[in-house]
Amino acid sequence: MSTWSKRTKAVHHGTRRSQYGEVSEAIFLTQGFVYPTAEAAEARFVDAGEDEFIYARYGNPTVRMFEDRLAAMLGYEDCFACTSGMAAVTGALTALLKAGDHVVSSRALFGSCLYVLQDVLGRYGVEITLVDGTDNAAWDAAIRPDTAIVFFETISNPTLEVVDMRHIVAAAHNVGALVLADDAMATPVFSTAQECGADLAIVSTTKHVDGQGRMLGGAICGSRALIRGPIETYMKHTGGAMNPFTAWNHLKSLETIDLRVRAQAETAMKIADALAGHPKLSAVRYPTHASHPQHALANAQGASGGTVLAIEVEGGREACFAFLNALEIFTISNNFADAKSIATHPSTTTHQRLPQDQKDALGISMGLVRLSAGLEDPDDLIADLRAALG
Ligand SMILES: *Cc1c(COP(=O)(O)O)cnc(C)c1O
């Protein structure tokens, strides 16, 4: 199985068939499991085997199929599936940290990640240093002998900054720190977190895995020792395990993820090409586009820049809102990676509560619009954007 390509694994890896030999993965919508004898129950609590389950908060056959499949796609040994991307981020951090530990993270973060790092972990005595993620020297200066965890988004949401993963991983491992990569924007299809040495890749499966705007989910992928050790222990006792219905939907979605994400990434690049230099825009940002300041790094680190791009509309809030309201195919929403194309205004929605100085530092201006390329015809999307800009 390990010689299969990612695309084949996405369809088959980890399938467990019941005695009925069903073709499509079954959904085991059950909380508990019965034991043939009291002795068998006792034995399972002492040491549960690979396909022996106890309680759905600990594990479930449908969830386990999804965990095995996603781990194999990302190149990791194992995975723990969670209720949401934020449950995965929070679970991984709190499972591994204790009071007095030091964490270094890039400053360009999803708002909820910033809250967990600064507000939640700060309250429990974890020290956080935020750095400019694009500045390798800043990472080198911030990582100390007592740094326990280094955290970053491989491609940042919503400003599409790219971090030099190999450099940061080397600096972190040099002091024995673990590297946690929030891999939501990179997509499971194009992720290189494992190749670049990240110890854990954290995925909001709400995004490209579901890909159709339905399920909330998350996953933590890494070595078997970390996943079935501290991560599983923490997650199973604190209640963040994915439910079987979500896992079943995700298994079905993984069958099409390669086709969907490749098409959406191609569309994102086409939009970036079509809008670059548009007189009503001061910037177009897409990681692997020639106009992106880090395109060389983005191209070296991944085969694609993902399915999301950002544009900066000239003329402040009024012009930007007029543009958003004139869009006919793009819907105004705050998710991304849906089959439907989505336009987001981070400054007044997802990042509304961020203080102005932090918005300025991150480049979240009044004119910034995040565009998520869906599965519509790219020519229709480009025409929609051009008409709304007009
Ligand atoms: C969406 C997102 C999350 C949170 O995922 P949910 O599934 O919404 O909880 C975390 N990090 C990044 C980078 C995201 O884009």
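Give me the orientation-averaged projected area of the Cα convex hull of region 239-278, in nm², one decimal. Display every interim value, and only then the final one.
Working: hull surface 17.8 nm².
Averaging across all directions leaves 4.5 nm² for the Cα convex hull.
Over region 6-254, how many pairs of lysines fall under 19 Å by alpha carbon, counting only those 8 or more apart in sequence or from different chains?
On the way: Lys6/Lys207; Lys6/Lys252; Lys9/Lys252; Lys98/Lys236; Lys207/Lys252.
Eligible lysine pairs with Cα atoms under 19 Å apart amount to 5.
Rounded to the nearest whole Å³, what is the per residue volume of the convex hull around the Cα atoms of region 148-207?
Details: hull volume 4.4 nm³, N = 60.
That works out to 73 Å³ per residue.
Which whole-number percentage describes the relative contact order of the chain, with Cα contacts under 8 Å and a sequence gap of 6 or more? All intermediate terms of the calculation are to be shown ahead of the outcome.
Values: 789 pairs, mean separation 63.7, N = 390.
Over the chain, the number comes to 16 percent.
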What is the diffusion coefficient of region 62-110 in µm²/s, taking the Kirkwood radius over Cα pairs and the Stokes-Einstein relation at 25 °C with a viscosity of 0.890 mPa s?
192 µm²/s
List the relative contact order of region 294-353 as a percent without decimals, with contacts defined as Cα pairs under 8 Å and 6+ residues apart.
19 percent
Kindly work out what percent of the DSSP beta bridges joining two residues of the chain are antiparallel, to the nearest 5.
55 percent
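Give me the compactness ratio for region 119-182, meaning the Cα radius of gyration over 2.2 N^0.38 Å. Don't skip to the answer; put the middle values down first.
Numbers: Rg = 11.7 Å, N = 64, 2.2 N^0.38 = 10.7 Å.
Normalised Cα radius of gyration, region 119-182: 1.10.
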Residue separation between His295 and Ala137 times 0.36 nm, minus their alpha-carbon distance, gives in nm 55.0 nm
With Cα atoms, 0 to 90° folded angle of helix 61-74 axis to the chain main axis:
50 degrees
How far is helix 165-174 tilted, in degrees, relative to the longest principal axis of the Cα atoms in the chain, given as a value from 0 to 90 rounded to the nearest 10?
50 degrees
Region 381-386 - phi-based ³J(HN,Hα) in whole Hz, Karplus 6.51/-1.76/1.60, Gly and Pro as x:
5, 5, 4, 4, 5, 5
Where the Cα pairs of the chain fall when distances are cut into 20 Å bins, in %
28, 56, 15, 1
Show the residues, 5+ positions off or on another chain, whose built amide H is closer than 5 Å to the amide H of Glu376.
Ser341
Estimated 222 nm signal from helices in the chain, with DSSP H stretches of n ≥ 4 weighted -39500 (n - 2.57), rounded to 500
-11000 deg cm²/dmol
With no solvent and one point on each alpha carbon, what is the Debye value of log10 I(q)/I(0) for region 258-389 at q = 0.19, 0.22 Å⁻¹?
-1.10, -1.43
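Return the tail of the calculated pair distribution for region 15-94, meaning the percent of Cα-Cα pairs more than 18 Å apart. Please list the in-between numbers first.
Numbers: 1665 of 3160 pairs.
That fraction is 53 percent.
In terms of solvent-accessible area of protein heavy atoms at a 1.4 angstrom probe, what is the ranking of Tyr124, Tyr20, Tyr115, Tyr286, highest value first?
On the way: Tyr124 145, Tyr20 180, Tyr115 115, Tyr286 0 Å².
Sorted by accessible area, descending: Tyr20, Tyr124, Tyr115, Tyr286.
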Under-5 Å amide H pairs with Ile332, H placed in peptide plane, nonlocal only
Ala343
Quick one: accessible surface of Phe45, probe radius 1.4 Å, all protein chains present, in square angstrom to the nearest 10.
130 Å²
What figure, in Å² to the nearest 10, do you get for the accessible area of Glu42 with a 1.4 Å probe and non-protein molecules left out?
120 Å²
Considering only C-alpha atoms, what is the centroid distance from region 94-124 to region 308-330, in Å?
33 Å
Once R0 is set to 25 Å, what does the formula 1/(1 + (r/R0)^6) return for the Cβ-Cβ distance between Thr256 and Asp380, expressed as a FRET efficiency to the nearest 0.05?
0.75
Put Trp4, Trp248, Trp139 in order of accessible area, largest first, probe 1.4 Å, and you get Trp4, Trp248, Trp139
Folded to 0 to 90 degrees: helix 244-275 orientation relative to the chain principal axis, Cα:
20 degrees
Which three lengths, in whole Å and largest first, does region 172-301 cover when its Cα atoms are put on their principal axes?
55, 41, 23
Residues whose modelled amide H sits under 5 Å from the amide H of Ser84, counting only those 5 or more places away in sequence or on another chain, are Gly218
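Could you give the C-alpha radius of gyration of region 1-55 expressed as a fraction of 2.2 N^0.38 Å, taking N as the number of residues it contains? Intermediate values should be presented prior to the final figure.
Details: Rg = 15.1 Å, N = 55, 2.2 N^0.38 = 10.1 Å.
The reported ratio for this selection is 1.49.
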Would you kindly derive the ³J(HN,Hα) couplings of region 304-310 from the backbone phi angles with the Karplus curve 6.51 cos²θ - 1.76 cosθ + 1.60 (θ = phi - 60°), listing them in order in whole Hz, with x for Gly and Pro?
7, x, x, 10, 10, 9, 10
Out of every Cα pair in region 93-136, what percent are spaced more than 15 Å from each other?
38 percent
Quick one: what are the phi-derived ³J(HN,Hα) couplings along region 122-130, Karplus 6.51/-1.76/1.60 with θ = phi - 60°, whole Hz, x for glycine and proline?
x, 5, 9, x, 9, 8, 10, 10, 9
Considering all alpha-carbon pairs of region 46-181, what whole percent are spaced by more than 22 angstrom?
45 percent
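Could you please put Arg64, Arg386 in sequence from largest to smallest accessible area, using a 1.4 Å probe? Can you show the working numbers first?
Details: Arg64 35, Arg386 120 Å².
Result of the area sort, largest leading: Arg386, Arg64.
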Taking the Cα centroid of region 1-32 and of region 274-293, what is the distance between the two, rounded to the nearest whole Å?
41 Å
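The values are calculated or read from the model by the stated rules, or taken from the named source; none is laboratory data. What you see is a predicted model, and the numbers here were worked out from it, not measured in a lab. Neighbour counts run over all protein chains shown; Cβ positions are idealised from the backbone, glycine included. For the accessible areas, the whole protein counts, side chains as well, though only heavy atoms, and no ligand, DNA or RNA atoms are used. Shrake-Rupley method; radii C 1.70, N 1.55, O 1.52, S 1.80 Å.
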